[in-house]
Amino acid sequence: MKIKSILEKKGSDVYSIPADGTLKDMVKEMLGRSIGSLLVLHDDGSLAGIITERDFLHNVSLNADSWQSICIGDVMIKKVLTATPDETIDEVMSRMTRNRIRHMPVVDSNKVVGVLSIGDIIFASLDETTFQNEIMKRYIKDWPGEEAESAAR
């Protein structure tokens with residue numbers, strides 16, 4: 001299954017925060033949308049960085065008294081691993097697992113076209129496996145001679 005199929009099913013909403021926003025702004029946006037990451041985009045829509053729940057916790061632990069005013073641009077991840085719409089679910093799942101990341105932007109021609117969470121990947125993988133199992137069950141059910149064996153039982 002290709003990544004573009006997942007985005008077609010789940011939607012390609014991209015939630016972002018400006019680089020000059022604060023961690024307080026980030027928390028408000030993430031809680032309001034029930035999401036675990038926000039992208040930081042350049043004015044032209046290209047990807048500048050990402051900030052996640054983990055980044056928030058790390059920064060709060062280091063700056064317990066002043067975390068609310070920390071600038072997103074100072075703490076965002078700038079070297080962001082991305083996927084493309086034509087990659088397979090297995091390729092992206094492998095890269096996310098190896099790098100221990102839970103959110104991956106999908107980029108096509110230098111433009112962000114969606115964001116995948118590890119949950120999206122697992123759900124799509126499970127959906128694909130369930131579909132394949134149903135096909136196999138039907139195939140086995142229609143296997144020549146299966147009716148005779150079933151009748152004998």
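FYI, it's all coordinate maths here, none of it is from the lab. Computed from a predicted structure; not experimentally measured. Positions of Cβ are backbone-derived with ideal geometry, glycine not excepted, and every protein chain shown enters the neighbour counts.
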- Query: Looking only at residues in the range 6-55 that are acidic (Asp, Glu) and free of Cβ contacts under 8 Å to residues at least 12 places away in the same chain, which one is nearest to residue 114 (Cα to Cα)?
  - Reply: 8
- Message: Can you go through 3, 70, 89 and tell me which one is over 17 Å from residue 123 (Cβ atoms), crowded, with 17+ Cβ neighbours inside 10 Å and in contact (Cβ under 8 Å) with a residue 12 or more places away in the chain?
- Response: 70
- Query: Is one or more of the residues making up the range 9-23 of a type in the set (Ser, Thr, Tyr), more than 23 Å from residue 107 (Cα to Cα) and exposed (fewer than 13 other Cβ atoms within 10 Å of the Cβ)?
  - Reply: no
